[in-house]
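Below: the structure, in C-alpha cells.
The values are calculated or read from the model by the stated rules, or taken from the named source; none is laboratory data. Not measured: the values here are computed from a predicted model. Methodologically, a virtual Cβ is constructed for each residue, glycine included, from the backbone with ideal geometry; neighbour enumeration extends over all protein chains shown. Accessible surface areas use protein heavy atoms only, side chains included; no ligands, DNA or RNA. Shrake-Rupley method; radii C 1.70, N 1.55, O 1.52, S 1.80 Å.
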Amino acid sequence: MSNVSVSDVIAEIDRLAPPDLAESWDPIGLSFGSTKQSVKRVLIALDVDKDTIEEAKQKQADLIVTHHPAIFTSQKTLNQEDERRKQYIDLIKSDIAVYSAHTNLDAAAGGMNDWLADSLGIRETGRRVMSVSVQRGFKKLAVYVPDYASDNVRKALHAVGAGKIGAYTDVSYTLSGYGRFTPQEGADPTEGEIGKEERIHEERIEMMIKDADVMKSIAALKAAHPYEEPVYDIFTLEYQSEPFGFGRVGDLNEPLSASDLAEKVNEQFDVDGVRYGSVDADRKHTQIAVLGGSGEKYYKEALNKGATLYVTGDISYHGAQDMLRDGLDFIDAGHYMEAIAVPKLYEYLNQCKKENQWDIEILKAETQKDVFTYIK
C-alpha cells in the first residue's frame with residue numbers, strides 16, 4: 001500500500017483502543033492536521049512538547065501519535081504570547097498531524113494497564129479490571145449449516161473473534177437436525193431443485209459474539225456458508241457483558257515484598273526513581289493492583305478487589321497516609337511510567353504496517369524524558 005493516510009493509521013489505533021472507551025472529559029483523537037494527509041513517517045511519543053515537535057520536524061514525521069492529548073484545556077486565542085500556544089502554531093506551520101489515544105488506551109483490553117501488568121509479572125489468567133468504566137454486551141449467534149460445511153463456517157467465525165469467552169477461544173456448541181426448504185423460481189440453490197422440497201442434514205452452530213463484532217461475524221458467516229440464503233439468528237444476552245476500565249488486579253508470578261517490587265518497578269519502567277510505603281516491610285504480596293497515571297483516587301477499589309499493594313503515580317502525602325491506614329502498601333512510580341506506551345505502540349504499529357503492507361516508517365521519540373529529576 002504505497003499511499004497511507006492519517007485516517008489509515010487512526011483506524012488501526014482505534015482498533016486497539018476503541019474511542020468509545022474514553023472518558024467523556026477526555027479530548028482524545030485528532031487534535032492537529034487532517035485525516036486526509038499522506039503519511040510517510042510516524043513518531044510515537046508520550047506527550048507533545050517542545051522537544052517532541054522539534055524531533056518530529058528533524059525526522060520529517062507527518063504524524064505524531066501520543067498517549068496524552070496535545071490540547072487538554074480549551075484555547076480562547078491562538079497568539080504567540082504563550083509558550084504552549086507557540087508550540088501549537090509550530091505544529092500547524094509544520095503541517096504535522098497529532099493523534100492521541102488516552103483513557104481509551106488505558107481502558108482497552110491489551111492496552112496501557114495490561115502492558116503495565118505484564119511488566120510487573122501479574123498473571124494474565126485471573127487478571128481483572130480494577131475500576132470498571134464501560135460494560136459491553138454479548139450476542140448469541142445461531143446458524144444452520146449443512147454438516148459438510150460446518151467446520152469451514154466455524155473457522156471463519158472464529159477468525160473474526162466469534163466464540164471468545166474470557167481466556168478461551170474457539171468456543172461453540174453444535175446440534176444436529178434436518179433443514180427443509182423448497183427453492184422457487186429465481187433461486188440458485190446449492191442443494192436441491194426448483195419446485196422440489198429438499199431435506200438436508202444440518203448442524204446448528206451456536207457461539208457468543210461481542211456486540212461490536214456482529215456485522216463482521218455476519219459477513220464472515222455469509223462468505224463461508226455454501227447456501228445462497230443462509231439462515232441465522234442473533235439473540236441478545238441480558239446477563240453477559242465484558243468489563244473495560246482502569247487498572248488491573250491479579251496474582252503475581254511469585255510473592256514479593258514492597259521493597260522488592262519497588263526495585264522491579266524501577267527496573268521495568270523508564271523512570272529514574274520510585275517512592276513506596278509499606279505497613280509491614282516483611283509482608284510478601286501475592287495479589288497487587290496497577291494503574292497507569294494518577295491513580296490515588298482509585299485506591300479503595302484496589303483494596304476492594306483484594307490487592308495488598310498498589311502501583312500507580314502521583315500519590316499525595318495525605319493519600320499515602322490514607323493507604324497505609326487502610327493496610328494497603330503502595331509504590332508511586334510517577335506519571336512517566338506510562339512511557340511504556342511508546343515501545344508498545346511502536347511494536348503494534350509495525351505489526352499493522354506488516355499486515356497492511358504500508359510503505360511508511362515508524363519511529364520512537366528519543367528526546368522525551370520525565371519532567372522530574374531525582375538525586376541519587
Alpha-carbon centroids, the stretch 116-146 and the stretch 49-109: separation in whole Å: 32
Between residue 168 and residue 93, how many nm apart are label points set 7 Å from Cα along the C-beta direction? 6.1
Averaged per residue, what accessible area in Å² does the stretch 1-143 show with a 1.4 Å probe, protein chains only? 44
In nanometres, what is the gap between the two model label sites at residue 361 and residue 142, each 7 Å from Cα along Cα-to-Cβ? 5.7
Take the chain, connect every pair of alpha-carbon atoms lying under 10 Å apart with a spring to form a Gaussian network, then pick out the residue of 81, 12, 206 with the largest mean-square fluctuation. 81
Here the relative contact order (percent) of the chain, from C-alpha pairs under 8 Å and at least 6 apart, is 20
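Using a 1.4 angstrom probe, figure out how much accessible area the stretch 228-299 has per residue, in square angstrom, rounded to the nearest whole.
For the stretch 228-299, the solvent-accessible area averages 55 Å² per residue.
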Within the stretch 113-133, whose backbone N sits under 13 Å from a point 7 Å along Cα→Cβ of residue 253? 117-125
For the chain, what does the helix formula give at 222 nm: sum of -39500 (n - 2.57) over DSSP H segments with n ≥ 4, over the residue count, nearest 500 deg cm²/dmol? -8500 deg cm²/dmol
Going Cα to Cα from residue 264, which lysines come in below 29 Å? Please leave out same-chain ones fewer than 8 positions away. 284, 297, 300, 305, 344, 364, 369, 376
Segment residue 286-residue 155, length gained on full extension (0.36 nm per residue, minus Cα span): 43.3 nm
Once you have the Cα-Cα distance between residue 178 and residue 199, take 0.36 nm times their residue separation minus that, and quote the gain in nm to one decimal. 6.9 nm
Among 52, 169, 174, what's the order by accessible area (1.4 angstrom probe), most exposed first? 169, 174, 52
Just 171, 265, 39 to compare: in a GNM of the chain, with alpha carbon springs under 10 Å, which one fluctuates most? 171
Show me, for the stretch 178-189, the HN-Hα J-couplings you get by feeding each phi into the Karplus relation (A = 6.51, B = -1.76, C = 1.60, θ = phi - 60°), rounded to Hz, glycine and proline as x. 10, x, 10, 6, 10, x, 10, 4, x, 7, 10, x
Pairwise label distance in nanometres, residue 231 with residue 300, each label 7 Å out on the Cα-Cβ vector: 5.5
Carbon and sulfur atoms: what percent of the 1.4 Å accessible area of the chain do they account for? 47
Whole angstrom only: what separates the Cα centroid of the stretch 246-310 from the Cα centroid of the stretch 1-23? 32
